[in-house]
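First the structure, in the form of C-alpha cells, and then the observations on it.
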Amino acid sequence: MANRTKKICQENDPYVLPSDNKELQSFISKYKVDMTEQVVSSIEFGIKHKLPIIEVFQFKGSKFVVTVSPKEYDLNLETIYKYYLDSERYELCPRVVKLRDKLKNRLNEKTKKTPTGIK
C-alpha cells in the first residue's frame with residue numbers, strides 16, 4: 001500500500017512557487033494560466049484517485065504547501081472557469097466543465113444512496 005501511495009504522489013508533484021513576495025507576484029502575473037492548469041490537473045488527479053486532500057503548490061525553500069480538499073474542488077473549478085471566460089481562454093473551458101459535471105454526478109449518486117424522507 002505504501003508503494004502505491006508513493007507512486008500516486010509522484011505523478012502529481014506540487015508546482016513550486018517563489019517564496020519571496022515580490023517574486024511571487026511577478027510569477028503569478030506571468031504564469032497565471034499555468035498555475036490554474038496545475039490546480040485543474042491536481043483536482044482531476046484527486047478525483048481519479050479519491051484522495052482526501054491534494055497538494056497543489058509548494059514554496060521554494062520552504063516546507064509550506066497549498067492544499068485543496070474535495071469539498072473545495074467545485075469552488076476552485078468555478079473560479080478558474082470564470083477566469084478562463086474573462087481572459088477569453090475558451091479552449092481551456094471544456095476540461096473544467098467536464099470535471100465540474102463529474103463532481104455533480106458523484107454528489108447526485110451519494111444523494112441517491114442516502115436514505116431520505118424516512119418517517
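See the values below:
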| read-out | value |
| --- | --- |
| Meets criteria (surrounded by 11 or more Cβ atoms within 10 Å (Cβ to Cβ), acidic (Asp, Glu) and in contact (Cβ under 8 Å) with a residue 40 or more places away in the chain) for residue 55 | yes |
| Number of positions in region 29-81 that are among the β-branched types (Val, Ile, Thr) and over 18 Å from residue 100 (Cβ atoms) | 5 |
| Answer residue from region 72-95, given it is farther than 25 Å from residue 23 by Cα and under 14 Å from the mean Cα position of the chain (by Cα) and is surrounded by the fewest Cβ atoms within 10 Å (Cβ to Cβ) among those | 75 |
| Answer from 69, 41, 62, 29 - the residue that is touching a residue at least 40 places away in the same chain (Cβ under 8 Å) and either loosely packed, with under 13 Cβ neighbours inside 10 Å or out of contact with any strand residue (DSSP E or B) (no Cβ under 6 Å at 6 or more places or on another chain) (or both) | 62 |
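Read the figures in this text as sums done on the coordinates, not as results from a lab. Everything numeric here is computed off the predicted structure, so don't read it as measured data. Counting neighbours? That spans all protein chains shown, and the Cβs are built from the backbone with ideal geometry, glycine included.
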